[in-house]
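Enquirer: Sharing a structure here in structure tokens format.
The values are calculated or read from the model by the stated rules, or taken from the named source; none is laboratory data. Source: prediction; values computed, not measured. Using ideal geometry, Cβ is built from the backbone for each residue, glycine included, and neighbour counts are taken over all protein chains shown.
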Amino acid sequence: MTSKNRIAYGPVPSRRLGRSMGINNIPSKFCSYSCVYCQLGRTKDLTIERRRFHGPDRVFQDVEAQVASVEEMGGRIDHLTFVPDGEPTLDIDLGKEIEMVKGLGYPVAVITNSSLLGHQSVREELSGADLVSVKVDAVDEGVWRKVNRPHGSLVFNDIKEGLKKFSNRFKGSLITETMLVKGINDAYEIVEGTAEFISELEPKIAYISVPIRPPSEEWAVIPSDESIMRIIANLASRRTRTVPLVERELGDFTYTGDIKEDLLAITSVHPMRKDSVVEMIERAGAGWDIVEGMVRSGELASSEYMGCIFYRRALY
């Protein structure tokens, strides 16, 4: 299967999930949000319509094939993770796909922006996963609109109520992720409200993130250490286990036999730092001229952010 149509990629090193094999069940870039910090750029198809994209059989076959390739090479897989370059719950087949890939014998995770949790059907489908990561960037509606730039039909209170209902009934591991952006959702009164709401969800872990990869808006930058510590301390005071995600992932990006296809599949969802690309190229026994050729052809795009070079698939 070519990278243009490839659904499964990795495993990649994940700060939350260990060695995570990604499942890209949404074409680029269908999403209900257009977050100012998104590492994949602005949303081109802002939607809340759930529909069929690839179909469960196609998703399963691609994941099964990627798992087999990794197992044959002796690689490790900690989670099979629905984390596409869009919002995974827009896929109306998500529940069936979760059920099918669980049959491969690995824990299944879903990373969602929480926007469709107001729908009972979405909550029921997500309940089949072993781990669900939900986004809670702010609980002030004005701030939510500034940082997540949601589809105009989304109702903020429905999302918050859906989060509460899901957290009350979900039997697996629930984690939250909050992305702090300087000058938007990092003020004292804002993080205090966010921390209070997160604590009510009783997550296994509350992760606090900052933009460590090039964001869709150049002004969406990392807040001060004081702002980061403020929300961590607030959550800790509420007895919520809190983990900051302020450093890059550590570990190898998996090479499964075709370095060009692996790079395109991974960078379509997960921009890679130059040093990680260098390591992957060396493990493949290839030369840097492959990357240079992919940049010249327009397949990969490079950009500099915080003194580092990042590579991202350019053909969307």
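Enquirer: Filtering segment 39-53 down to residues that are more than 18 Å from Gly118 (Cα to Cα) and not aromatic (Phe, Trp, Tyr), which residue is surrounded by the most Cβ atoms within 10 Å (Cβ to Cβ)?
Expert: Here the answer is Leu40.
Enquirer: For segment 199-241: of the residues being of a type in the set (Asp, Glu) and under 22 Å from Leu174 (Cβ atoms), which is surrounded by the most Cβ atoms within 10 Å (Cβ to Cβ)?
Expert: Glu200
Enquirer: If Ser114 meets every condition in (1) among the small types (Gly, Ala, Ser); (2) over 18 Å from Ser34 (Cα atoms); (3) in contact with a strand residue (DSSP E or B) (Cβ under 8 Å, 6 or more places away or on another chain) apart from one, which number is that one?
Expert: It fails just one condition, (2).
Residue-wise test of (1) surrounded by fewer than 12 Cβ atoms within 10 Å (Cβ to Cβ); (2) within 21 Å of the chain's Cα centre (by Cα); (3) at pLDDT 75 or above.
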{"site": "Ser276", "(1), (2), (3)": "no, yes, yes"}
{"site": "Gly298", "(1), (2), (3)": "yes, no, yes"}
{"site": "Ile309", "(1), (2), (3)": "no, yes, yes"}
{"site": "Tyr316", "(1), (2), (3)": "no, yes, no"}
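Enquirer: Within segment 65-107, track down each residue that is in contact (Cβ under 8 Å) with a residue 60 or more places away in the chain, part of a helix (DSSP H, G or I) and closer than 16 Å to Glu124 by Cα.
Expert: Pro88, Leu90, Leu94, Glu97
Enquirer: Hey, Gln61 hits all of (1) farther than 24 Å from Lys135 by Cβ; (2) without any contact (Cβ under 8 Å) to a residue 60 or more places away in the chain; (3) in contact with a Pro (Cβ under 9 Å, 6 or more places away or on another chain) but one; which does it fall short on?
Expert: For Gln61, the exception is condition (3).
Enquirer: Of the residues Gly18, Gly10, only one is crowded, with 24+ Cβ neighbours inside 10 Å and among the small types (Gly, Ala, Ser); which? Explain how you work it out, then say what you get.
Expert: Numbers: Gly18 fails: crowded, with 24+ Cβ neighbours inside 10 Å.
Only one candidate qualifies: Gly10.
Enquirer: Same structure, new question: What residue, among those in segment 12-32 that are modelled with pLDDT under 85 and assigned to a strand (DSSP E or B), is nearest to Gln61 (Cα to Cα)?
Expert: If we take residues in segment 12-32 being modelled with pLDDT under 85 and assigned to a strand (DSSP E or B), then Val12 is nearest to Gln61 (Cα to Cα).
Enquirer: Right, another one. Name the one entry in Arg123, Arg76 that is at pLDDT below 95, of a type in the set (Lys, Arg) and surrounded by fewer than 22 Cβ atoms within 10 Å (Cβ to Cβ). Break it down into steps so the answer makes sense when it comes.
Expert: Values: Arg123 fails: at pLDDT below 95.
Step by step, each of Arg123, Arg76 is checked, and only Arg76 is at pLDDT below 95, of a type in the set (Lys, Arg) and surrounded by fewer than 22 Cβ atoms within 10 Å (Cβ to Cβ).
Enquirer: Sticking with this structure for a sec: Among the listed residues Ile212, Ile232, identify the single one that is on the phi < 0 side of the Ramachandran plot, assigned to a loop (DSSP other than H, G, I, E, B) and β-branched (Val, Ile, Thr). Show your work before the answer.
Expert: Values: Ile232 fails: assigned to a loop (DSSP other than H, G, I, E, B).
After applying the criteria, what remains is Ile212.
Enquirer: Considering each residue of segment 160-200, count those that are among the β-branched types (Val, Ile, Thr), closer than 23 Å to Arg16 by Cα and assigned to a helix (DSSP H, G or I), and give that number.
Expert: Residues that pass the stated criteria total 3.
Enquirer: While we're on this one: Taking Gly142 as the residue in question, decide whether it is assigned to a loop (DSSP other than H, G, I, E, B) and either surrounded by fewer than 17 Cβ atoms within 10 Å (Cβ to Cβ) or within 19 Å of the chain's Cα centre (by Cα) (or both).
Expert: Considered against the rule, which asks whether it is assigned to a loop (DSSP other than H, G, I, E, B) and either surrounded by fewer than 17 Cβ atoms within 10 Å (Cβ to Cβ) or within 19 Å of the chain's Cα centre (by Cα) (or both), Gly142 comes out as no.
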